[in-house]
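Before any comments, here is the structure.
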Amino acid sequence: MTIHQPWTTISYQQILDNPYLKIRCEQVAVPNGPIISDYYIIENRGWVGIVPVTEDGLFLLNRQYKHGIGRVVLEFPAGGIDAHEDDPQVTARRELMEETGYSVEDGQIEPLAHMYANPTGARTLIWWYLARDARKTGEQKIDPVEVIENLLVTPRELLQLIHDGSFAVQGQVAAAYMALERLGYITFNG
């Protein structure tokens, strides 16, 4: 059995530090191996995604341009945890309302998954929630740089979007499958 040991940080320099993103460069010693002089790590407060399902069983998606890849993507509502938000569920509810105008009653939102965005180069944790019986109770309150179109799709349509590559953001796909399983649309026979 292989024993995995943590690397030792010898020194670090903060390269970027703003409210949205922190990047630092570490010099690290790998056990029984080399010293890496420039290992970069991204740090942030993490982010939250929410899988909203309406009373009639439709999944609520966003169609939105993402400049990082220069494309329009389909995804569930999601966003970064603000500095004043200590509970990721608060972020989930805020993002749902801001991006869609939908909300969910207490007792209709539940933890779905906890994930790592990129454990090789980022200290970013992701919390996923499933929101049942989501209802349109307000209007979108999106950032000035966002243009978000909301879509409602059936579970079958969601699976088709995943399989044809239209719904292709990796953590979002994992959350979709977990929600479909939790809701009984697919089963794990392990």
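The values are calculated or read from the model by the stated rules, or taken from the named source; none is laboratory data. Fair warning: this is a prediction, and the values are worked out from it, not measured in the lab. Cβ coordinates were reconstructed from backbone atoms using ideal geometry, including for glycine residues, and neighbour counts include every protein chain displayed.
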| message | Test of understanding: among 134, 175, which residue is within 21 Å of residue 63 (Cα to Cα) and touching a Ser or Thr at 6+ places or on another chain (Cβ under 7 Å)? | response | 134
| message | Looking at region 118-143 only, could you name the residues that are closer than 22 Å to residue 21 by Cα and assigned to a strand (DSSP E or B)? | response | 122, 123, 125, 126, 127, 128
| Residues satisfying the stated conditions in region 106-132, i.e. touching a strand residue (DSSP E or B) at 6+ places or on another chain (Cβ under 7 Å) and charged (D, E, K, R) | 110, 123, 132
| Filtered residues of region 144-170 (kept if at pLDDT 95 or above and either in a helix (DSSP H, G or I) or among the acidic types (Asp, Glu) (or both)) | 149, 155, 156, 157, 158, 159, 160, 161, 162, 163, 164
| request: Spot the failing condition for residue 115; the list is (1) free of Cβ contacts under 8 Å to residues at least 40 places away in the same chain; (2) of a type outside the set (Lys, Arg); (3) over 21 Å from residue 153 (Cβ atoms); (4) assigned to a strand (DSSP E or B), and only one is missed. | output: (1)
| Odd one out for residue 33, checked against (1) out of contact with any Leu (no Cβ under 6 Å at 6 or more places or on another chain); (2) at pLDDT 95 or above | (2)
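Residue-by-condition table, conditions (1) touching a residue at least 12 places away in the same chain (Cβ under 8 Å); (2) over 28 Å from residue 144 (Cβ atoms); (3) in the same structural domain as residue 142 (by TED's automatic domain parsing):
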| residue | (1), (2), (3) |
| --- | --- |
| 23 | yes, no, no |
| 59 | yes, no, yes |
| 69 | no, no, yes |
| 96 | yes, no, yes |
| request: Take residue 175 and decide whether it is surrounded by 15 or more Cβ atoms within 10 Å (Cβ to Cβ), touching a residue at least 12 places away in the same chain (Cβ under 8 Å) and part of a strand (DSSP E or B). | output: no
| query | Are any of the residues in region 151-168 in contact with a helix residue (DSSP H, G or I) (Cβ under 6 Å, 6 or more places away or on another chain), over 15 Å from residue 63 (Cβ atoms) and aromatic (Phe, Trp, Tyr)? | reply | no
| remark: Taking region 4-49 and keeping only residues that are in a loop (DSSP other than H, G, I, E, B), small (Gly, Ala, Ser) and more than 25 Å from residue 92 (Cα to Cα), one is left with 33
| query | Of all residues in region 131-156, which are surrounded by 15 or more Cβ atoms within 10 Å (Cβ to Cβ) and free of Cβ contacts under 8 Å to residues at least 40 places away in the same chain? | reply | none
| query | Picking from 105, 146, 85, which residue would you name as being farther than 25 Å from residue 45 by Cβ and of a type in the set (Asp, Glu)? | reply | 105
